[in-house]
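So the structure is just underneath, and the comments pick up after that.
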Amino acid sequence: MSSPCDPKYAPAGEVGAALLMIDSRLKAIYDDNTEPDEPDLEQQEMVEQFAASMGPDGIDAMLDGTCTLIYMFMKWLRMTCEDHGKDVIEYVVPTHVATMRMMPRTFSPEVIPIMTGLIVAAGTGLSPSLWRAQYGPWTDAEMNPLEATAVLLAERINRIADDTDYATRLITEALSRTERKRR
């Protein structure tokens, strides 16, 4: 039985732009010269300028792109967990929720269930953007948590692979394969 939240019905969005943003955040995390609690103001300004240049439709496309990344990251985690006889929800959700709770400036308590729902939806093969759309438009309070959720999933993949660029490469290779198929 098909679900209205099936990924085949979801717009992919601006995956490249979302990946650029996520990769930039990952590089800041791995940069030894950056203090952990100190935001990279230059990076933040660049992302804000980029987002402003996209306009309202571009922002929606970037939100869809970020949800597509979350879906792809959870798909990789699900396949990896299955290869090791583990359940992806059991493996990812508790530590993800614990991490969100340790980051109260990024994840206010009221957005934790939404971000958890996004990763559970993706982990069960549903589109995070279509799952979220059931509850109305995105709120301003969900913007940073959405980005941080994608970053946390990518960072987890990088730790599993023991490679700080693995999650980014995973997506760029998938995008390249898709582009080659279109030709």
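The values are calculated or read from the model by the stated rules, or taken from the named source; none is laboratory data. Bear in mind the structure is a predicted one, so any value in this text is a computation, not a measurement. Here the Cβ is made from the backbone with ideal geometry for all residues, glycine too, and neighbour counts use every protein chain on show. Only protein heavy atoms, including side chains, enter the accessible area calculation; ligands, DNA and RNA are left aside. Shrake-Rupley method; radii C 1.70, N 1.55, O 1.52, S 1.80 Å.
Details
- Criterion violated by residue 171 - all others in (1) free of Cβ contacts under 8 Å to residues at least 40 places away in the same chain; (2) over 20 Å from residue 102 (Cα atoms); (3) open to solvent by less than 30 Å² (accessible area, probe 1.4 Å); (4) not polar (S, T, N, Q) satisfied: (1)
- Residue, nearest to the chain's Cα centre (by Cα), within the range 45-79, restricted to residues that are among the hydroxyl-bearing types (Ser, Thr, Tyr) and modelled with pLDDT of 95 or more: 66
- Any hit, the range 59-67, residues being in a helix (DSSP H, G or I), under 20 Å from residue 10 (Cα atoms), among the hydroxyl-bearing types (Ser, Thr, Tyr) and open to solvent by less than 30 Å² (accessible area, probe 1.4 Å): yes
- Set side by side, the residues 3, 24 differ, and just one is more than 20 Å from residue 123 (Cβ to Cβ), at pLDDT 75 or above and hydroxyl-bearing (Ser, Thr, Tyr), which is 24.
- Taking the range 69-119 as the range and being outside any helix (DSSP H, G or I) and open to solvent by 40 Å² or more (accessible area, probe 1.4 Å) as the test, the residues that pass are 84, 85, 86, 87, 102, 103, 104, 105, 106.
- Here residue 38 clears all of (1) modelled with pLDDT under 90; (2) assigned to a helix (DSSP H, G or I) except the condition numbered (2).
- Scoring residue 179 on the criteria (1) at pLDDT 95 or above; (2) more than 17 Å from the chain's Cα centre (by Cα); (3) among the acidic types (Asp, Glu) leaves a single failure, condition (1).
- Residue within the range 140-160 that is assigned to a loop (DSSP other than H, G, I, E, B) and exposed (fewer than 15 other Cβ atoms within 10 Å of the Cβ) present: no
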